[in-house]
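A.B. asks: Quick one: this structure, given as structure tokens, is what I'll be asking you about.
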Amino acid sequence: MAKQSGGLRRSSVRSALPFLLPLAAIAGLYAAALRIGLLSDDYLLFFQGSPRRSAAFGGIVSSGHYIPAGAWLLYFQSQTCGLDGVCHHALTLLLFGGLASAVVLLGRQLGFPGWQASAAGLLFATSSLPFELPLWANTTVHAASLLAGLGALASYIQAGRDPRRRWELLAAALLLLALMLHEQALGFVFAAAAWTFFAADPVRESAERRRPALRFFLRRLAPWLAVAGSWIVIKLVVPHPGDTLPALSRGPLSILGGTLFHSLRTFTLSLPAGWAWALLRPPIPGGSILGPAAVAAAFLVAGRKLRGVEAFLAAWAVAQIALMCLASGMSSRHLAVPLVPASLLVAALLSRATRALEPRGLRALVFALAVGLLAGFGAWQVRARVEAYLASSRWVESLFSSAEAAIRSHPSASRLVAWDLPDGVRLGESEPAFALRYGFEPEIVRRFPGRFISVSRVRSSPPPAWAAPFGAPADTLSLAREAAAGTTLVLRCPGLGQPFEVWPL
């Protein structure tokens, strides 16, 4: 009995080992996120109140999104954590760790050895692409949706190996939950289709059905198509304030270009945006055509060499990116979904590339070095993003402290105007870097309830089109007159990180 107990303990330790490396990487890279406060859209979502006050079923948030479960998740999160950044980011880090662990679990289900699945989880955890998930408080909806979608896909794969119907029912239920959390989960329908076409398990499905006939293909996908179709109908029927497919207005070439751009970054795991553009638009005559053509040709050549599980992973990633480019565009938080298959694919290709090396120790060393280089390159970029978020958070709090001091020293002012309020610390591709895009007005109202008739912001020059929420052009003479009369308190910010200049003096 003692020997059996010792064997079980050793087996449990071996089973846990593949998860340790990705989780340790997340702890080391993102622990500083616990010191980040609320930024940007956090204020908009956490201050909008209960989802019951939103349109039909409490699911509409903005821009045509219909995510009732996601709206309730944000509501309960705001009720639990309030404005405590430690609480919010403890939750985002917990979910991000769960995603890295889910990558390992999916790798094991696909037949990867433990060390290969662990490498895929590490590549996911250290990629600089999905940094919004652990660093931005309201991305819990994206992480939770991805977790539910991965559970649905794992159940779908298991349904092909186990004749019991419970796996099909569980897969459909988890897909519905994932869609209700965030609509990015629609891409999992394409993931299931890619699995059925390229890599369906031959234990129950004969060899000739590995490239299934249409009837077999639709039978396997029928429950998922029913769930996805029902969700699409509801989304189209329920009124919403935004365009359902805004990318269509930019034309199909824009969608194809975005798919190529984001695919290039995703399959290289951490390629910076500027580097990707340099490859797609090299500074040579005809570069804007030759660059994309060369990258597309490279993808096609590489794709033709993929079979089975590898082909499934590549098709899933590209389908997800194309869907997001068609529907709403790709942001860092959306890149986490295609990064899952990309991380697994890169780990599989590195393993295949080193398979011929002998002895076995050399093979393991070369594989570890390749994974380490990719992980290190991503980690280097992750640290810079964490520091930028910390800088934004510190600056936001110092700005509010400066505003509070000015407000208390001018008790007669009934209006507040913020002049030339900086958007935040720019990262080049992250919306939350605009630290106060929506946050200044609701936070002032929260800190001083009933104190002002209006809180607004203005600029010395008109904002660009993409910055429409950030304020109208300032009328200097009118502001000066209102400030002199004592009815309006004007807070002018000379620059990023500097305290307000106060009118009237």
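The values are calculated or read from the model by the stated rules, or taken from the named source; none is laboratory data. Computed from a prediction, not measured in an experiment: that's the story for all the values here. Ideal geometry is used to build each Cβ from the backbone, glycine not excepted, and the neighbour counts take in all protein chains shown. What goes into the accessible areas is simple: the full protein's heavy atoms, side chains included, and nothing from ligands, DNA or RNA. Shrake-Rupley method; radii C 1.70, N 1.55, O 1.52, S 1.80 Å.
A.B. asks: Can you tell me how many residues within the stretch 156-171 are in contact (Cβ under 8 Å) with a residue 60 or more places away in the chain and assigned to a loop (DSSP other than H, G, I, E, B)?
C.D. replies: Count: 1.
Residue by residue, here is whether (1) part of a loop (DSSP other than H, G, I, E, B); (2) open to solvent by less than 50 Å² (accessible area, probe 1.4 Å); (3) at pLDDT below 80 holds:
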| position | (1), (2), (3) |
| --- | --- |
| Pro463 | yes, yes, yes |
| Trp466 | no, no, yes |
| Pro469 | no, no, yes |
| Leu477 | no, no, no |
| Ala480 | no, yes, no |
| Pro494 | yes, no, yes |
| Gly497 | yes, no, yes |
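A.B. asks: If we only count helices (runs of 4 or more DSSP H) wholly inside the stretch 172-272, which ones have 2 or more residues that are at pLDDT 70 or above, among the hydroxyl-bearing types (Ser, Thr, Tyr) and under 30 Å from Leu74 (Cβ atoms)? Steps first, answer last, please.
C.D. replies: Values: elements: 187-194, 214-237, 252-267.
The qualifying helices (runs of 4 or more DSSP H) are 252-267.
A.B. asks: Residues in the stretch 100-109: is at least one in contact with a Lys or Arg (Cβ under 9 Å, 6 or more places away or on another chain) and surrounded by fewer than 24 Cβ atoms within 10 Å (Cβ to Cβ)? Break it down stepwise before answering.
C.D. replies: Restricting attention to the stretch 100-109, the residues satisfying the condition of being in contact with a Lys or Arg (Cβ under 9 Å, 6 or more places away or on another chain) are none.
Scanning the stretch 100-109, I find no residue that is in contact with a Lys or Arg (Cβ under 9 Å, 6 or more places away or on another chain) and surrounded by fewer than 24 Cβ atoms within 10 Å (Cβ to Cβ), so the answer is no.
A.B. asks: Let me ask you something else. Go through the stretch 341-375 and count every residue that is part of a helix (DSSP H, G or I) and either within 18 Å of Ala199 (Cα to Cα) or among the charged types (D, E, K, R) (or both).
C.D. replies: So in the stretch 341-375, the residues part of a helix (DSSP H, G or I) come out as 341-353, 360-375.
Okay, now just the ones that are also either within 18 Å of Ala199 (Cα to Cα) or among the charged types (D, E, K, R) (or both), so 341-349, 352, 360, 363.
The total comes to 12.
A.B. asks: Go through the stretch 344-373 residue by residue and tally those that are more than 19 Å from Pro18 (Cα to Cα) and at pLDDT 95 or above.
C.D. replies: 0
A.B. asks: Go through (1) surrounded by fewer than 23 Cβ atoms within 10 Å (Cβ to Cβ); (2) over 12 Å from the mean Cα position of the chain (by Cα) and name the single condition Gly149 misses.
C.D. replies: Of the numbered conditions (1) surrounded by fewer than 23 Cβ atoms within 10 Å (Cβ to Cβ); (2) over 12 Å from the mean Cα position of the chain (by Cα), the odd one out for Gly149 is (1).
A.B. asks: Answer yes or no as to whether Ser409 is out of contact with any strand residue (DSSP E or B) (no Cβ under 6 Å at 6 or more places or on another chain), hydroxyl-bearing (Ser, Thr, Tyr) and at pLDDT below 85. Outline the logic, then answer.
C.D. replies: Details: out of contact with any strand residue (DSSP E or B) (no Cβ under 6 Å at 6 or more places or on another chain): yes; hydroxyl-bearing (Ser, Thr, Tyr): yes; at pLDDT below 85: no.
No: the conditions fail for Ser409.
A.B. asks: Got a number for residues in the stretch 374-392 being at pLDDT below 90 and basic (Lys, Arg)?
C.D. replies: Here is the first cut: in the stretch 374-392, the residues at pLDDT below 90 are 384-385, 387-392.
Next cut, basic (Lys, Arg) only: 385.
Residues that pass the stated criteria total 1.
A.B. asks: Could you tell me whether any residue of the stretch 348-370 is within 23 Å of the chain's Cα centre (by Cα) and under 15 Å from Phe124 (Cα atoms)? Quick ask: steps written out before the conclusion?
C.D. replies: Kept after step one, since they are within 23 Å of the chain's Cα centre (by Cα), are these residues of the stretch 348-370: none.
Checked against the condition, which is being within 23 Å of the chain's Cα centre (by Cα) and under 15 Å from Phe124 (Cα atoms), the stretch 348-370 yields no hits at all.
A.B. asks: Let me ask something additional. Suppose we filter Val318, Val337, Val301 for residues that are within 28 Å of Arg383 (Cα to Cα), open to solvent by 50 Å² or more (accessible area, probe 1.4 Å) and either at pLDDT 90 or above or assigned to a loop (DSSP other than H, G, I, E, B) (or both); which single one remains?
C.D. replies: Details: Val337 fails: open to solvent by 50 Å² or more (accessible area, probe 1.4 Å); Val301 fails: within 28 Å of Arg383 (Cα to Cα).
The unique qualifying residue is Val318.
A.B. asks: OK, next. For the stretch 482-492, enumerate the residues that are under 17 Å from Ser454 (Cα atoms) and either of a type outside the set (Gly, Ala, Ser) or open to solvent by 40 Å² or more (accessible area, probe 1.4 Å) (or both).
C.D. replies: Hits for the stretch 482-492 are Glu482, Ala485, Thr487, Thr488, Leu489, Val490, Leu491, Arg492.
A.B. asks: Right, another one. Could you list all residues from the stretch 79-89 that are open to solvent by 20 Å² or more (accessible area, probe 1.4 Å), touching a residue at least 12 places away in the same chain (Cβ under 8 Å) and either out of contact with any Asp or Glu (no Cβ under 9 Å at 6 or more places or on another chain) or under 30 Å from Val366 (Cβ atoms) (or both)? Quick ask: steps written out before the conclusion?
C.D. replies: Residues of the stretch 79-89 that are open to solvent by 20 Å² or more (accessible area, probe 1.4 Å), as a first pass: 79-80, 82-84, 86-87.
Remaining after also requiring touching a residue at least 12 places away in the same chain (Cβ under 8 Å): 83, 86.
Answer for the stretch 79-89, where residues must be open to solvent by 20 Å² or more (accessible area, probe 1.4 Å), touching a residue at least 12 places away in the same chain (Cβ under 8 Å) and either out of contact with any Asp or Glu (no Cβ under 9 Å at 6 or more places or on another chain) or under 30 Å from Val366 (Cβ atoms) (or both): just Val86.
A.B. asks: Shifting gears a bit: Has the stretch 424-439 got any residue that is modelled with pLDDT of 80 or more and either open to solvent by 30 Å² or more (accessible area, probe 1.4 Å) or in contact with a Lys or Arg (Cβ under 7 Å, 6 or more places away or on another chain) (or both)? Working first, answer last.
C.D. replies: From the stretch 424-439, those modelled with pLDDT of 80 or more are none; that's our starting set.
Looking through the stretch 424-439, none of the residues is modelled with pLDDT of 80 or more and either open to solvent by 30 Å² or more (accessible area, probe 1.4 Å) or in contact with a Lys or Arg (Cβ under 7 Å, 6 or more places away or on another chain) (or both).
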